[in-house]
2 protein chains.
Amino acid sequence: MRFSSQREIIREIVESTNAHPTADWIYNKAKKRLPNLSLGTVYRNLKQLDEEGTIKAITDGNVSRYDWNTASHDHMKCKVCGEIIDVHLQDDSIRKKIRKNYKFEVDDVKMTIIGTCKKHKK
Amino acid sequence: MRFSSQREIIREIVESTNAHPTADWIYNKAKKRLPNLSLGTVYRNLKQLDEEGTIKAITDGNVSRYDWNTASHDHMKCKVCGEIIDVHLQDDSIRKKIRKNYKFEVDDVKMTIIGTCKKHKK
DNA sequence: AAATAAATAATAACAATTACTATTATTATT
DNA sequence: AATAATAATAGTAATTGTTATTATTTATTT
């Protein structure tokens, strides 16, 4: 994969936020620096960055979001404001349980907690 | 919500399978019994059934699937064949951990294991 | 500096889902 | 049982998120 300034800027934007942005959000942010950037370019580069392991694509309901944090972690999503908060909840008891009870080879454990964040629970 | 035969048939179809079908799959199945059923009707009724708690909408990548099993459980998804297998992995240690460490009110814990099912791991 | 091929912008195509609207069917009322 | 009220439907159009296409541009190799 060869250098492209578009990809660099897209990566910088993903790495600049904890907000787990969507492709569209990243596109609008990047467009300020690259006025004739194309949304397709954003999608293509996000996919490439995900495939090479630089960022991680996550899925929120039915839209894709992108996370600079590629280390194993989980998410808590507030149903009021939509915010996605990073947490670490998994331990290896889950993988152990699967290994013990099922013939299933685990690649990844995705866990999302749905609820109300501290700003919105009364 | 008043009676509709379309909704009855849609519910029956969801309840007839463990395959976590998509709206489109349900639509094609239901169409054999209701030849001029509309896909919008399927979506509307699936949403209603989900809202009243009769079935549960789950999200698989970027498409919605529907599950008759509304009891708390998790899913293992095979990346080879796409099959989604019901499992029970959660215990209340996760909710306990959140209660202890974060000011976040939990409604639901969604967990999906990505990997290879027994039919496809060599 | 020229050649090669990967990446781009612009646009079209696509898939999943939701919205709109005139008509039909269910339930409540007479 | 007939009528009225209105929820649900079929058919269709619109919307949203994403991927594909293609002529042009740009990074890298020769």
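The values are calculated or read from the model by the stated rules, or taken from the named source; none is laboratory data. Please read all numbers here as calculations on a predicted model, not as lab measurements. Cβ atoms come from the backbone with ideal geometry, glycine included; neighbour counts cover every protein chain shown. Areas reflect the complete protein model, heavy atoms only, side chains present, ligands, DNA and RNA absent. Shrake-Rupley method; radii C 1.70, N 1.55, O 1.52, S 1.80 Å.
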Please pick out the residue among B:77, B:47 that is within 15 Å of DNA strand D (Cβ to nearest atom), in contact with a strand residue (DSSP E or B) (Cβ under 9 Å, 6 or more places away or on another chain), open to solvent by 30 Å² or more (accessible area, probe 1.4 Å) and within 14 Å of chain A (Cβ to nearest Cβ). B:47
Any residue at all in the range B:24-32 that's away from DNA strand D (no atom under 16 Å from the Cβ) and either free of Cβ contacts under 8 Å to residues at least 12 places away in the same chain or within 14 Å of the chain's Cα centre (by Cα) (or both)? yes
Residues (at the interface with chain A (Cβ under 9 Å from one of its Cβ atoms) and more than 22 Å from residue A:93 (Cα to Cα)) located in the range B:80-106: B:103, B:104, B:105
How many residues, within the range A:5-26, are of a type in the set (S, T, N, Q) and either under 19 Å from residue A:62 (Cα atoms) or open to solvent by less than 30 Å² (accessible area, probe 1.4 Å) (or both)? 2
Please name all residue pairs, on different chains or six or more residues apart, with Cβ atoms under 9 Å, provided the first residue is in the range A:36-57 and is hydroxyl-bearing (Ser, Thr, Tyr) and part of a helix (DSSP H, G or I) and the second residue is at pLDDT 95 or above and open to solvent by 60 Å² or more (accessible area, probe 1.4 Å). A:41/A:6
Are any residues in the range B:1-18 touching a Ser or Thr at 6+ places or on another chain (Cβ under 9 Å) and not charged (D, E, K, R), and if so, which ones? B:4, B:6, B:10, B:14
On the basis of being of a type in the set (Lys, Arg) and loosely packed, with under 14 Cβ neighbours inside 10 Å, does residue A:2 make the cut? yes
Any idea which of A:72, A:64 is assigned to a loop (DSSP other than H, G, I, E, B), modelled with pLDDT of 95 or more and within 13 Å of another protein chain (Cβ to nearest Cβ)? A:72
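Residues are listed down the side, and each one gets a yes or a no for (1) open to solvent by 70 Å² or more (accessible area, probe 1.4 Å); (2) outside the structural domain of residue B:27 (by TED's automatic domain parsing):
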site	(1), (2)
B:51	yes, no
B:81	no, yes
B:97	no, yes
B:100	yes, yes
B:106	no, yes
Considering only the range B:105-116, I want to know if a residue exists there that is free of Cβ contacts under 8 Å to residues at least 40 places away in the same chain and out of contact with any strand residue (DSSP E or B) (no Cβ under 6 Å at 6 or more places or on another chain). no
Which listed residue, of B:107, B:92, B:86, B:60, is within 15 Å of DNA strand D (Cβ to nearest atom) and under 30 Å from residue A:56 (Cα atoms): B:60
